[in-house]
Amino acid sequence: MNDTTRSAAWDEEDGISLMELASLVGAQWKLILAGTVLAGAAGFGGASLLKPVFTARTVIMPPQQQQSSAASALSSLGALAGLAGGSVKSPVDQYVALMQSVTVSDRLIDRFKLMEVYDEEFRSGARKELLKQALITVGKKDGLIVVEVDDHDAKRAADLANAYVDELRYMTNTLAVSEAQQRRRFFEQQLEATKARLTAAQTALQESGFNASALRAEPKSAAEGYAKLRAEVTAAEVKLQTMRRNLADRAPEVQQQQAQLDALRAELAKLEQREASAAPRDAGYIGRYRDYKYQETLFDLYAKQFELARMDESREGGLIQVVDVATAPDRKSKPKRGAIAAGAAVLAGLLLSVRAIVVGLRARPQS
């Protein structure tokens with residue numbers, strides 16, 4: 001019978017009480033105590049030899065959405081309100097994703113020569129190491145973004161943490177992240193396109209000439225009425241397209257909007273037919289004047305919304321505020337020599353205690 005079989009047999013027959021285990025450990029308390037102290041000292045000494053790590057921390061307040069201005073802009077826009085999207089959401093998660101993006105990582109790698117610092121041959125390796133050393137979190141209660149960067153150089157750790165804030169400002173100025181920025185980008189594009197069409201319509205109108213019969217046809221009132229109706233049709237079409245992004249075609253809201261669009265189109269068709277039969281000789285001039293007024297109406301509409309979006313964006317753009325600026329830490333954060341020494345001592349004490357019990361059980365006489 002081997003030792004393992006004997007131990008199992010003893011356990012089954014006699015059992016082992018806690019007092020017996022304690023006595024086995026107590027019999028070798030000097031060895032256990034000495035080993036624990038030596039292990040703790042070795043852990044403390046080993047931790048002292050490790051290169052210190054410093055943690056720099058910065059806290060920033062992300063931009064807040066301007067709900068009231070956005071709602072005002074959408075209400076004044078009327079049927080074109082669907083262009084700006086639905087409810088306004090907080091982009092805090094987007095800001096964190098931007099700071100963790102490849103673009104920001106590469107800019108920081110080049111700026112601080114991190115491939116040499118991390119001793120990485122490839123840029124992908126430097127990116128992974130940077131993401132390990134930089135912890136970006138969002139407070140659940142306050143919504144503040146906290147950036148913590150570990151580095152062997154205290155000053156570089158602080159500079160890296162502050163550089164994340166600089167890169168976030170650069171990215172938010174480059175990309176349309178917030179709701180106001182998205183509205184500003186959209187209306188800016190529409191304004192440029194409408195401006196080009198308005199210029200072309202004005203040129204065509206000037207080339208068509210002017211005569212008394214055209215004046216008698218009162219093209220101004222006719223064109224303005226047509227331009228207004230046509231703008232309503234355009235607005236209804238855009239709103240329907242926007243609704244279909246989030247709703248099914250059978251949804252009551254979509255069907256109601258489709259019916260409204262059909263009614264506007266029918267009214268526009270009647271107006272075009274009536275004006276075409278009323279003044280066939282001056283149709284060219286009136287048509288060009290009408291197109292010019294239509295483009296002018298759209299241009300004024302987009303210009304107003306573009307200015308409102310710019311105002312909202314200006315209030316958001318400078319609101320990436322730094323609550324706590326990262327400074328070079330004066331004390332290292334890692335390695336924690338006390339924790340390492342305590343862990344080594346506890347582990348050594350457990351192992352030596354188990355050894356004492358096993359040795360005591362093997363030396364236990366057979367019953």
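A few notes on this one:
Every residue, every condition in (1) at pLDDT 75 or above; (2) assigned to a helix (DSSP H, G or I); (3) surrounded by fewer than 14 Cβ atoms within 10 Å (Cβ to Cβ), yes or no:
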{"position": "Leu298", "(1), (2), (3)": "yes, yes, no"}
{"position": "Leu308", "(1), (2), (3)": "yes, yes, no"}
{"position": "Glu313", "(1), (2), (3)": "no, yes, no"}
{"position": "Ala339", "(1), (2), (3)": "yes, yes, yes"}
{"position": "Gly343", "(1), (2), (3)": "yes, yes, no"}
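- Residue count, the stretch 145-164 (criterion: touching a helix residue (DSSP H, G or I) at 6+ places or on another chain (Cβ under 9 Å), touching a residue at least 60 places away in the same chain (Cβ under 8 Å) and aliphatic (A, V, I, L, M)): 5
- Among the candidates Tyr95, Tyr164, residue that is crowded, with 21+ Cβ neighbours inside 10 Å, touching a strand residue (DSSP E or B) at 6+ places or on another chain (Cβ under 8 Å) and over 24 Å from Phe54 (Cβ atoms): Tyr95
- With respect to (1) in contact (Cβ under 8 Å) with a residue 60 or more places away in the chain; (2) assigned to a strand (DSSP E or B); (3) β-branched (Val, Ile, Thr), the lone exception for Ile136 is condition (1).
- Within the stretch 176-213, the set of residues being aliphatic (A, V, I, L, M) and at pLDDT 70 or above comprises Leu191, Ala193, Ala196, Leu198, Ala200, Ala201, Ala204, Leu205.
- Residues of the stretch 100-116 that are assigned to a loop (DSSP other than H, G, I, E, B) and among the polar types (S, T, N, Q): Gln100, Ser101.
- Set Val238, Val233: member being surrounded by 12 or more Cβ atoms within 10 Å (Cβ to Cβ) and modelled with pLDDT under 75: Val238
The values are calculated or read from the model by the stated rules, or taken from the named source; none is laboratory data. Note that the structure is predicted; figures quoted are calculated from it, not measured. When we count neighbours, we look across all protein chains shown, and the Cβ atoms used for this are built from the backbone with ideal geometry, even at glycine.
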